[in-house]
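*Asks:* The following block contains the structure, expressed as structure tokens.
The values are calculated or read from the model by the stated rules, or taken from the named source; none is laboratory data. Being a predicted model, the structure only gives us computed values, none of them experimental. Note: ideal-geometry Cβ built from the backbone for every residue, glycine included; neighbour counts use all protein chains shown. Surface accessibility is based on the protein's heavy atoms, side chains included, excluding ligands, DNA and RNA. Shrake-Rupley method; radii C 1.70, N 1.55, O 1.52, S 1.80 Å.
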Amino acid sequence: MAVIQKYGKKYSPDLGCHTESHPADKVGAPGGQKKWPERNNYWSRPVARVWTVVLLLGTCLLYCARVAMPICAVSMAEQFNWTKRESGMVLGSFFWGYCFTQVFGGYVSDRVGGEKVLLLSAAAWGSMTAFTPILAHFCSQPIISMTLARFLMGLLQGVHYPSLASLCSQKVVESERGFLMSTVGSGSYLGTLVIGGAGSLMLDLYGWQSVFYASGLLSVLWAYCMWKHLLRGEGPIITLESLGSGGSQSTMSKRHWLRLLKQPAVCAVIVTHLCAASTFFTLLSWLPTFFKDTFPDAKGWVFNVIPWLVAIPSSLFSGCLSDHLISQGYDTASVRKLMQFFSMGVSSVFTLLLCGNTTFPWAVAFVSATMGFTTFSHSGVSLNVQDLAPSCAGSLFGVMNTCGAFSGVLLVYFSGYLIETTGSWTSVFALITAVNLLGLCTFLVFADARRVDIDPSKVHHHDIHL
């Protein structure tokens, strides 16, 4: 809600709720990418609340399935005799697939409906998760089957967030989008928390296979319930005609994108998000292994749960703090930079503290502080993209996520190489700190909050895509 209120105060002429009968809204302005939904296409508030809960649960299960492999990586490596480099290849292959379907997911969702893409993808990645143990045991080369399975998981899960953004823009009135997206977004931390706690217990009691079976089957069940009760059994059919109905971007739109990507502030947002995403993915992938290697007798549920218990309220606090500072009259760009300083600067201090000889409680405390401060990025670079280009924030965020996922592949794999060659985690934490500082310096120098997407000749068209 903080973002919506901010735009309402500063950009109300351009960002008003598009429910009036504007001809440009119904037929699409030249160079526009989508048609605005009419008023009767929006969900009522009770329906929107039901969808909010369902999508929150879906995002939670998305991360349960995604983090199942990092949780089980140590046990699988022991069973299949994987080296650290091979484990890094399996973990990193997810991001190779993830980076390829960000823009595609938004494109298809805009034309056929985000709910259909969410349903089909959830059924697919849920089934893939449930079949992962079978693929591992019945393939003569488990390293190949697991790498391929994680790559396909990345492909299938890459459409989730673009589909959420598309569904929100099509079905939710603008004044309520902030609540829905912030609530659904918290499902990522909740899912990591659930799989970290319940998954660790299942891993100790029933073996690593049970983690994949449980998260996969629950995801398929969620997709079925969504299809049966919310879509009323409507078949999620996607045809070539529906994919082509939106048309292609015009030459004017391409020139607009080229002009946008030449802006220093836009480049700074992309570079900063690339650095932040890659370091977060690396920590997410390797922290369970770090604790297993450094503290082999420690209980898995402790280090897989406590950091995420800290991350959830920290994320909410950063949003409240950012909104409060802006409402008090502080410069928006300065607030975004302050939030990113906490996210990448302060968190790096606690990451470096992991390089020394620490006890298990202190290591958990340092990791919890690192993950807690990292969430401040949601009120920094993640919101700055909406400051700069509210008319195409979703597409631009897809570009940012693609770059972040691609860099995540490289950093996760390279981290495994460093661990194996140096035999020390210090090099990995030092690398994460260096990447964070690179992104932070870029953001502090070049970031801005003034809109750069406005074409004065087309301001009256109101082509806003949140």
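*Asks:* Scan the stretch 238-250 and tell me whether some residue there is in a helix (DSSP H, G or I) and either closer than 30 Å to LEU444 by Cβ or at pLDDT 80 or above (or both).
*Replies:* Among the residues of the stretch 238-250, not one is in a helix (DSSP H, G or I) and either closer than 30 Å to LEU444 by Cβ or at pLDDT 80 or above (or both), which makes the answer no.
*Asks:* Moving on. Being open to solvent by less than 70 Å² (accessible area, probe 1.4 Å) and over 25 Å from the mean Cα position of the chain (by Cα) is the filter here, so list the residues in the stretch 284-301 that pass it.
*Replies:* LYS292, THR294, PHE295, ALA298
*Asks:* Right, another one. Hey, among the residues in the stretch 259-283 that are among the aliphatic types (A, V, I, L, M) and open to solvent by 20 Å² or more (accessible area, probe 1.4 Å), which one's modelled with the highest pLDDT?
*Replies:* Filtering first and then ranking leaves VAL271.
*Asks:* Next question. What are the residues in the stretch 432-454 that are of a type outside the set (Phe, Trp, Tyr), open to solvent by less than 40 Å² (accessible area, probe 1.4 Å) and in a helix (DSSP H, G or I), if any?
*Replies:* Answer for the stretch 432-454, where residues must be of a type outside the set (Phe, Trp, Tyr), open to solvent by less than 40 Å² (accessible area, probe 1.4 Å) and in a helix (DSSP H, G or I): ILE432, THR433, VAL435, ASN436, GLY439, LEU440, THR442.
*Asks:* Being surrounded by fewer than 22 Cβ atoms within 10 Å (Cβ to Cβ), closer than 29 Å to MET226 by Cβ, within 21 Å of the chain's Cα centre (by Cα) and at pLDDT 90 or above is true for just one of ALA130, ALA124. Which residue is that?
*Replies:* Step by step, each of ALA130, ALA124 is checked, and only ALA124 is surrounded by fewer than 22 Cβ atoms within 10 Å (Cβ to Cβ), closer than 29 Å to MET226 by Cβ, within 21 Å of the chain's Cα centre (by Cα) and at pLDDT 90 or above.
*Asks:* Let me ask another. Which condition number does ALA48 fail, the rest of (1) part of a helix (DSSP H, G or I); (2) crowded, with 16+ Cβ neighbours inside 10 Å; (3) modelled with pLDDT of 85 or more; (4) out of contact with any Gly (no Cβ under 7 Å at 6 or more places or on another chain) being met?
*Replies:* (3)
*Asks:* Tell me, which residue of the stretch 93-111 that is open to solvent by 20 Å² or more (accessible area, probe 1.4 Å) and modelled with pLDDT under 80 is farthest from MET226 (Cα to Cα)?
*Replies:* VAL103
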